[in-house]
Every structure is written in structure tokens, then in C-alpha cells.
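Novice: Shown below is the structure under consideration.
The values are calculated or read from the model by the stated rules, or taken from the named source; none is laboratory data. Since we're looking at a predicted model, the values are computed, not measured. As a convention, Cβ positions derive from the backbone with ideal geometry for all residues, glycine included, and neighbour counts pool all protein chains shown.
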Amino acid sequence: MAEWQKSDWRKLPRVQMPDYVDAAPLEKVEAQLSNYPPLVFAGEARDLKAQLASASRGEAFLLQGGDCAESFEQFTADGIRDTFKVMLQMAMILTYGAKVPVVKLGRMAGQFAKPRSAPTETKDGVELPSYRGDIINELAFTPEARIPDPLKMTQAYTQSAATLNLLRAFSKGGYADVHQVHSWTLGFTESERAAEYRNMANRISDALDFMSAAGIASHSSQELRTVDFYVSHEALLLEYEEALTRLDSTSGKWLAGSGHLIWIGDRTRQPDGAHVEFCRGVQNPIGLKCGPTTTADDLKVLMARLNPENEAGRLTLISRFGAGAVGDHLPRLIKAVREEGANVLWTCDAMHGNTIKSSTGYKTRPFDSVLREVREFFAVHTAEGTVPGGVHFEMTGQDVTECTGGVYAVSDEDLSARYHTACDPRLNASQSLELAFLVAEELVSHRQGRAKTAVA
């Protein structure tokens, strides 16, 4: 068999990708990006893979979260900081529940391209190509805005580089100090609406106080002041992915230099398609979305193709079925994994199967449905004796009104107040924190259930 090359995907069927009008500017941009430094490094990807392997065994827990689709227009340092801040808070709460380290993986620094349910959209009788994310075209509903522009790839690269620079500074420069992070969370639980979560927050405070009394303090312990933070995105625009792929001199393997983990969406998981072909050849950890249409045979073929060496930490299966449907689909996929003896990490995307249209006409996601899918995910894994290894949320640190429900009770009528997403609705900061407390409770119950089973 011929050795894999990063351009091999070009020979295969492609879906959910733009057709650029002029090849010359596209080739120029690709050549430019091919000479730019990679955004991430092979050693970082290997470290993430090792941590994901731990999560697959129940020795860690994965929190993956961030924007539905990053925006050029809404790009600010404050926006990056706020999302990072909320993820740190969520991770601390989940660490308490799981009693294991939490792997922090942002949907950031590359989450620009979006698959769409239809190639075109119609407004007032006018039909235009669909908006596919800022890396491809523009949201404005005009013929000019919807033309794919390859120059947007260089803008996406620049924004991703700036985002990563800030994230690295935040994660290693003291902003992630565990005491500071917890003080933010205490601010959330001071509200009477969030009073039910105060007990858990106080128990975390007691644990931190004990550590301080024992002489384990931030000024003397690097582990309490810094965190590892990784980034991920859907590898949809393969011209961009190929241009940033580099040969790692240490291992002799190819690295997708666009992000630490890249994933394949539910719409682009064709075993003989371009996206699977590209992802199989890079050493990065790979995510694979598994929806209701994923059959056991599909999954077996994809696992063999994406992880032929059956390496732990290499393949993360991201289930997305919708509330009420997890029990119909997840057990059969778990069975398929068992039959193959495959090493995988199971995580739950409780967002994409729960999108509805509100009474006021906005695309939204009810908080209760998101929570229900998470609980069903845990229940199935408990019943099957397998490891629920992580959660995957579309969220932001900003006070948006895009998903309904939560302790601050965003209603259908509230959605218009601060509805800022260009694609899918995101949990706001308050909803994200509340969900972290509720997932922590599930982790506590799951851990106690496993302990009882082990004793019996």
C-alpha cells in the first residue's frame, strides 16, 4: 500500500465543501498557508492523546466546549477570556464530581467552517448559496457575500494564531489559579436562584481550605496556577487543513497543524470520502460524531479506518442522538465497539440533537432537553458497564439569550434580547455553570454506582 499523502483526499468524493470560482487565488492562499508556522505542535497533540486515553479508562474526564462557529466580526480578547473563564469553572466543578482530572478542550482557534443541511437558502423568494462559516463566505444575504473567498482562510489563520497566543498566556500566566476560578463560581452560587448548588460549592471551598492549611498553596505549587488547555474544530475545509499539515520530525508522522484534535461531522463520515481519508493519515486525536443514522457496521468500518492500530486516545466517539433517543441508539453502538475490542473514548454532544424552533421563530435548544440527553448518556453507560468519558457543549462565556431555560429562566420571548450566534444556539455562562453542577451530580452517582458494583 502506498504511503499516505496529505493531498490524497482530493481524489475522493467530497461533501459540504465550497466550489471556489477561481483556482488561481485559491492556489496562492494554499501556498501561503503551507509556509506559515503550524498553529499547534506535535508534542501537544501527543500529550492530549495520552490524556484522552486516560479518560477512556475513567481516569480523567473530557470537557469540550466553545463556539458553534467562530466569527471574524465578534472576535475580541474579552470574548476569548470569558469562554476560557467559564470552561475553567466548569472543569473545577466536574473535577469535584468525577474525582479525576478534567481535560479541557475548547471549540476555539479554528471552528470556522460549518456543514449545512441544504446547499442553498431562500428569503423573500430569493435563493442564494448557504452561509458556510466565516472561513468560506459571509453571513449577509447578498449574492456577493455568499461567494466563497479563499482569502478568508488567511484571516482565519491569523485569528486562530491570536486566539492561541492569548489562551496560552491565560493558561500558564496565573489567570487559571484554582482559588481565583472558584471565587468566580461562588459569585454564581450567591444568587438565590442558584442556591441549590451552594452546598457543592461550599464543599469545594472546604477542600481548598484544607489544602492551604496543609501547606499546598498557589505560590508554591505550579499545578494550582496553571492548566493544560487544548483546542479543537471540525476539519471541514480540507484545503485549509492540508495547507497546515506538517511532517513531524520527531515521529516521522503527519500532524494536522490547525488544532490539537480535529473531528469528522455526522454529515462527512463517509468511509470512502475525502474527510475520512484526510483524518486517517494525521497523528492528531480524531473525533467522530455518531448520530441516529450511524449503523453498527458503519462504526466498525470507520473505527478500523481511523484507528487501525487500536491506539487508546486516538479516537473519540461523540454521540449526538437527541433527548429521548439515546437508549434507542447508544447501546447498539457500544455493542459494536465491544465486538471489535476497540479502544475509544465515549463523549456526549447534548446540543445538536436538541435543536428546535421557538414559538417566536428563533432556532433554540431547551436547557432541560440538553440535561436530559446527558443523563440518558450516563444511564446507558452505567447499565452497560462502560465509561462515560466526557461531554461536548456549544457555549459561550457571554450573557447571550440563545438557549431557553436554566435557573435564570430564559423564555422564548427573551431570545430576541441577545441572540448573537450566526449558526446554532449556545449555552450562556450561567447555563453552562448550572449544567456543570448537574453533570457533576451525575458523575458522583456514576462513581458511587461503580463502587457498589465492584464491592458486590
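Novice: Taking ASP47 and the conditions (1) within 24 Å of TRP263 (Cα to Cα); (2) part of a loop (DSSP other than H, G, I, E, B), which numbered condition does it fall short on, given that it satisfies the others?
Specialist: (2)
Novice: Another question about this same structure. Taking the stretch 413-428 on its own, how many of its residues are farther than 25 Å from GLU138 by Cβ and surrounded by 14 or more Cβ atoms within 10 Å (Cβ to Cβ)? Spell out the reasoning first.
Specialist: The first filter runs over the stretch 413-428 and keeps only residues farther than 25 Å from GLU138 by Cβ, leaving 413-414, 427-428.
If we keep only those that are surrounded by 14 or more Cβ atoms within 10 Å (Cβ to Cβ) as well, we get 414, 427-428.
Residues flagged as farther than 25 Å from GLU138 by Cβ and surrounded by 14 or more Cβ atoms within 10 Å (Cβ to Cβ) within the stretch 413-428 amount to 3.
Novice: Can you work out which of the residues in the stretch 9-43 that are touching a helix residue (DSSP H, G or I) at 6+ places or on another chain (Cβ under 6 Å) and not in a loop (DSSP other than H, G, I, E, B) is nearest to ILE264 (Cα to Cα)?
Specialist: At the first step, the residues of the stretch 9-43 found to be touching a helix residue (DSSP H, G or I) at 6+ places or on another chain (Cβ under 6 Å) are 9, 12, 14, 20, 29-30, 33-34, 39.
Then keep just the ones that are not in a loop (DSSP other than H, G, I, E, B); that gives 9, 29-30, 33-34.
Details: TRP9: 14, VAL29: 24, GLU30: 21, LEU33: 22, SER34: 22 Å.
This residue is TRP9.
Novice: Search the stretch 272-299 for residues that are modelled with pLDDT of 95 or more and surrounded by fewer than 19 Cβ atoms within 10 Å (Cβ to Cβ) and pair each with any residue that is of a type in the set (Ser, Thr, Tyr) and in a loop (DSSP other than H, G, I, E, B) when their beta-carbon atoms are under 9 Å apart and the residues are at least 6 apart or on different chains.
Specialist: GLN283/SER251
Novice: Restricting attention to the stretch 335-378, report how many residues are in a loop (DSSP other than H, G, I, E, B), more than 21 Å from SER432 (Cβ to Cβ) and over 17 Å from the mean Cα position of the chain (by Cα).
Specialist: To start, the set of residues in the stretch 335-378 that are in a loop (DSSP other than H, G, I, E, B) comprises 341-344, 350-355, 358-362, 365.
If we keep only those that are more than 21 Å from SER432 (Cβ to Cβ) as well, we get 341-344, 359-361.
Next, only the ones that are over 17 Å from the mean Cα position of the chain (by Cα) stay: 341-343, 359-361.
The number of residues fulfilling the criteria is 6.
Novice: Then there's this: Among the residues of the stretch 203-224, is there at least one that is of a type in the set (Val, Ile, Thr) and within 26 Å of HIS275 (Cα to Cα)? First the steps, then the outcome.
Specialist: To start, the set of residues in the stretch 203-224 that are of a type in the set (Val, Ile, Thr) comprises 204, 216.
Narrowing further to those that are within 26 Å of HIS275 (Cα to Cα): none.
No - not one qualifying residue is present in the stretch 203-224.
Novice: OK, next. For the stretch 197-251: of the residues being part of a strand (DSSP E or B) and of a type outside the set (Val, Ile, Thr), which is surrounded by the most Cβ atoms within 10 Å (Cβ to Cβ)?
Specialist: Just the residues of the stretch 197-251 that are part of a strand (DSSP E or B), to begin with: 229-234, 245-247.
Checking the rest, the ones that are also of a type outside the set (Val, Ile, Thr) come to 229-230, 232-234, 246-247.
Numbers: PHE229: 22, TYR230: 25, SER232: 27, HIS233: 29, GLU234: 25, ARG246: 17, LEU247: 11.
If we take residues in the stretch 197-251 being part of a strand (DSSP E or B) and of a type outside the set (Val, Ile, Thr), then HIS233 is surrounded by the most Cβ atoms within 10 Å (Cβ to Cβ).
Novice: Moving on. Looking at the stretch 74-91, can you tell me whether even one residue there is of a type in the set (Ser, Thr, Tyr), modelled with pLDDT of 95 or more and closer than 30 Å to ASN202 by Cα?
Specialist: Within the stretch 74-91, the first condition is being of a type in the set (Ser, Thr, Tyr), and the residues that meet it are 76, 83.
Add one more test, that the residue is modelled with pLDDT of 95 or more, and what stays is 76, 83.
Next, only the ones that are closer than 30 Å to ASN202 by Cα stay: 83.
Yes; the residues of the stretch 74-91 include at least one that is of a type in the set (Ser, Thr, Tyr), modelled with pLDDT of 95 or more and closer than 30 Å to ASN202 by Cα.
Novice: Any residue in the stretch 175-191 that is within 26 Å of SER432 (Cβ to Cβ), assigned to a helix (DSSP H, G or I), among the charged types (D, E, K, R) and without any contact (Cβ under 8 Å) to a residue 24 or more places away in the chain? Can you show your working first?
Specialist: Within the stretch 175-191, the first condition is being within 26 Å of SER432 (Cβ to Cβ), and the residues that meet it are 175-191.
Keeping just the survivors that are assigned to a helix (DSSP H, G or I) gives 178-189.
Going one step further and asking which of them are among the charged types (D, E, K, R), we end up with none.
Looking for residues that are within 26 Å of SER432 (Cβ to Cβ), assigned to a helix (DSSP H, G or I), among the charged types (D, E, K, R) and without any contact (Cβ under 8 Å) to a residue 24 or more places away in the chain, one finds none in the stretch 175-191, hence no.
Novice: Now a separate question. Scan the stretch 390-399 and tell me whether some residue there is surrounded by fewer than 23 Cβ atoms within 10 Å (Cβ to Cβ) and not in a loop (DSSP other than H, G, I, E, B).
Specialist: Among the residues of the stretch 390-399, not one is surrounded by fewer than 23 Cβ atoms within 10 Å (Cβ to Cβ) and not in a loop (DSSP other than H, G, I, E, B), which makes the answer no.
Novice: Based on this model, can you work out whether GLY58 counts as at positive phi, modelled with pLDDT of 95 or more, touching a Gly at 6+ places or on another chain (Cβ under 6 Å) and not polar (S, T, N, Q)? Before you say what the answer is, go through the steps one by one.
Specialist: On the way: at positive phi: yes; modelled with pLDDT of 95 or more: yes; touching a Gly at 6+ places or on another chain (Cβ under 6 Å): no; not polar (S, T, N, Q): yes.
Answer is no for this residue.
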